[in-house]
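Data first, discussion second: the structure below is written as structure tokens.
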Amino acid sequence: MMQQRYYYLVKIQYLGFRYHGWQKQPDVKTVELMLNKTLNYILEGKRFKCIAAGRTDAMVSANQTYIELFLYDEPLQLDGFLNLFNYNLPQDIRVLDISETSKDFNIIQHAKLKTYHYYFCYAQKMHPFSAPFMLNVRDDLDIDLMISGAQLFTQMTDFYSFTFRPSKLTKFEGEIESCLIENNNVLKANFFPEQSYVLKVKGKGFKRQQIRLMMGALIDLGQHNITLDYFKQLIDGKNRIKLSHVAPASGLVLHKVELV
């Protein structure tokens with residue numbers, strides 16, 4: 001006899017600083033592990049399964065993303081469930097919304113636009129409390145040159161140079177819808193440095209550690225370790241240039257996932 005399934009779309013956010021990424025792994029704390037533990041408790045052992053819209057690496061945060069929740073045998077009583085879920089979750093994970101969907105919806109295959117933010121400051125040593133949220137580059141940066149470099153990423157159609165440890169099966173084709181560096185007017189705290197910046201990248205799909213490799217190349221450009229002409233060679237993936245400067249994870253935030 002086939003079991004009845006019920007389908008829900010859950011919008012969540014989390015601070016990733018104390019987690020080893022999204023995906024459940026042996027002997028370490030992950031976001032998926034904590035969500036599953038909480039659901040197992042509040043659902044009182046009922047069978048369920050969660051699938052994420054995308055995985056994040058260790059220490060990477062998400063301001064707004066989605067999971068799909070499958071529940072077996074009995075539907076949720078949605079009235080009050082969101083409050084119950086949040087009450088039992090750790091303080092660095094929050095559910096923003098939950099709604100019913102159908103078996104025709106597949107969160108992995110559904111078209112998505114993702115916007116990533118990478119927060120950074122430079123030169124002056126920042127307050128230690130800022131460490132979960134942004135990168136402190138110790139040297140001076142040529143921000144104007146970095147702004148020019150960031151805009152070039154919209155011309156990139158081959159992501160080879162910005163793919164971490166590709167396999168023989170990795171497909172490098174892609175497109176970045178927008179990419180820019182701006183003053184940080186998004187995240188605010190009284191312990192943040194007076195001046196900070198944010199790299200904003202939007203696209204339909206990204207390779208493993210792609211944003212961190214992009215940020216690493218922009219830092220190299222801003223420090224004048226590479227020229228703008230060489231940076232343009234990186235943008236053209238046909239040159240097959242390998243990069244090794246992966247910016248730290250703690251400045252990276254999955255800012256928004258849009259289902260399109």
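Summary table below
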{"read-out": "Residue list for the stretch 187-216, restricted to those being of a type in the set (G, A, S) and open to solvent by less than 30 Å² (accessible area, probe 1.4 Å)", "value": "S196, G203, G216"}
{"read-out": "Residue in the stretch 243-251 that is out of contact with any Lys or Arg (no Cβ under 9 Å at 6 or more places or on another chain), within 25 Å of D57 (Cα to Cα) and open to solvent by 70 Å² or more (accessible area, probe 1.4 Å) present", "value": "yes"}
{"read-out": "Top-ranked residue in the stretch 103-144 [being part of a loop (DSSP other than H, G, I, E, B) and open to solvent by less than 20 Å² (accessible area, probe 1.4 Å); ranked as farthest from R5 (Cα to Cα)]", "value": "L141"}
{"read-out": "Residue list for the stretch 209-243, filter: outside any helix (DSSP H, G or I) and either in contact with a strand residue (DSSP E or B) (Cβ under 6 Å, 6 or more places away or on another chain) or touching a residue at least 12 places away in the same chain (Cβ under 8 Å) (or both)", "value": "Q209, Q223, H224, D236, R240, I241, K242, L243"}
{"read-out": "Selection status of A52, surrounded by 12 or more Cβ atoms within 10 Å (Cβ to Cβ), closer than 30 Å to P193 by Cβ and within 21 Å of the chain's Cα centre (by Cα)", "value": "no"}
{"read-out": "Hey, S161 at pLDDT 95 or above and among the polar types (S, T, N, Q) or not", "value": "no"}
{"read-out": "Top-ranked residue in the stretch 174-185 [being modelled with pLDDT of 95 or more and assigned to a loop (DSSP other than H, G, I, E, B); ranked as farthest from D142 (Cα to Cα)]", "value": "N185"}
{"read-out": "Search result, residues across the stretch 1-52 that are more than 25 Å from N63 (Cα to Cα) and part of a loop (DSSP other than H, G, I, E, B)", "value": "M1, M2, Q3, Q4, P26, D27, L43, E44, G45, K46, R47"}
{"read-out": "Among (1) surrounded by 21 or more Cβ atoms within 10 Å (Cβ to Cβ); (2) in contact with a strand residue (DSSP E or B) (Cβ under 8 Å, 6 or more places away or on another chain); (3) part of a helix (DSSP H, G or I), the one test that I147 misses", "value": "(1)"}
{"read-out": "Among the residues listed as A150, A123, the single one being in contact (Cβ under 8 Å) with a residue 40 or more places away in the chain, of a type in the set (G, A, S) and over 21 Å from W22 (Cα atoms)", "value": "A150"}
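The values are calculated or read from the model by the stated rules, or taken from the named source; none is laboratory data. Computed from a prediction, not measured in an experiment: that's the story for all the values here. All Cβ positions, even for glycine, are placed from backbone atoms using ideal geometry, and neighbour counts span all protein chains on display. What goes into the accessible areas is simple: the full protein's heavy atoms, side chains included, and nothing from ligands, DNA or RNA. Shrake-Rupley method; radii C 1.70, N 1.55, O 1.52, S 1.80 Å.
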